Amino acid sequence: MKFAFRLVTCLLTLASLPAVAAWDLPQLMTELARNQGGRAHFTERKYIALLDKPVVSSGEMRYVAPDYLEKRTLTPRLEVMVLDKDEISLERGKQKLTLRLREQPEILAFVASIRGTLSGNRAALEQNYALHLSGQRDNWTLNLSPSNPRIAELVTRITISGSRQQVRSIEYLQADGDRSLMSIEPLDAR
């Protein structure tokens, strides 16, 4: 009888405590979707098997939700990449290349990993990746593992880390063993 009383008392006590919501994928996507854009400084380190040291570049990025991203590399040399709706363009010196993403499914899947995360679009991410979230609201890590075999031939894993609605780093591990790590620091709040 005493055990049953204690059990009931314990259950009533637990029921009266405020509910603490677990940090989960839907909450992260909601937070990310609130981010309408902004500017950030980035530093990217590319680790390539054939080189002794990483290739380091830095510059600024600008994001306007949901589908515009500009990455302006300032060092070691000027390069501008723009994702705008269905187009990706790359400009380096006097060379300029523009591609329609619909015509390049592998590039589209790669772009969707960035754009889908920044805009909080879980459905876009899950078209080509299995998602695994760890951490808490102020320090989370989202791992994207390719579920599409064609993507898996290029990328083993994408790891995105952040705090609340701010992406702080993106790491790409390529299937050939090379990897890149981009650190992101906001320049202004919107």
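Things to note:
- Largest to smallest accessible area among 86, 176 [probe 1.4 Å]: 176, 86
- Exposure check, 1.4 Å probe, all protein chains in place: residue 137 carries approximately 90 Å² of accessible surface.
- Per-residue accessible area (protein heavy atoms, 1.4 Å probe) orders 41, 132 as 132, 41, starting from the largest.
- Sites residue 95 and residue 176, calculated FRET efficiency, Cβ-Cβ separation with R0 22 Å, nearest 0.05: 0.35
- The Cα center of region 60-125 and the Cα center of region 129-171 differ in position by 17 Å.
- Within the listed set 123, 40, 152, the residue fluctuating most in the Gaussian network model of the chain (springs between alpha-carbon atoms under 10 angstrom) is 123.
- Candidates 121, 35, 139, ranked by Gaussian network fluctuation over the chain, Cα under 10 Å, top entry: 139
- The chain, accessible surface, carbon-and-sulfur percent (1.4 angstrom probe): 55 percent
- With the simple model of a label 7 Å out from the Cα in the direction of the Cβ, residue 153 to residue 55 spans 2.2 nm.
- Computed with a 1.4 Å probe over protein heavy atoms only, the accessible surface of the chain comes to 63 Å² per residue.
- Calculated FRET efficiency for the pair residue 23/residue 130, C-beta based, R₀ 22 Å, to 0.05: 0.75
- With contacts taken as Cα pairs under 8 Å and at least 6 residues apart, the chain reaches a relative contact order of 21 percent.
- Average 1/r across all pairs of distinct alpha carbons in the chain, invert it, and you get the Kirkwood radius: 18.5 Å.
The values are calculated or read from the model by the stated rules, or taken from the named source; none is laboratory data. Fair warning: this is a prediction, and the values are worked out from it, not measured in the lab. Every residue, glycine among them, receives a Cβ derived from its backbone with ideal geometry; neighbour counts consider all protein chains shown. In case anyone asks, the SASA skips ligands and DNA or RNA and just uses the protein heavy atoms, side chains included. Shrake-Rupley method; radii C 1.70, N 1.55, O 1.52, S 1.80 Å.
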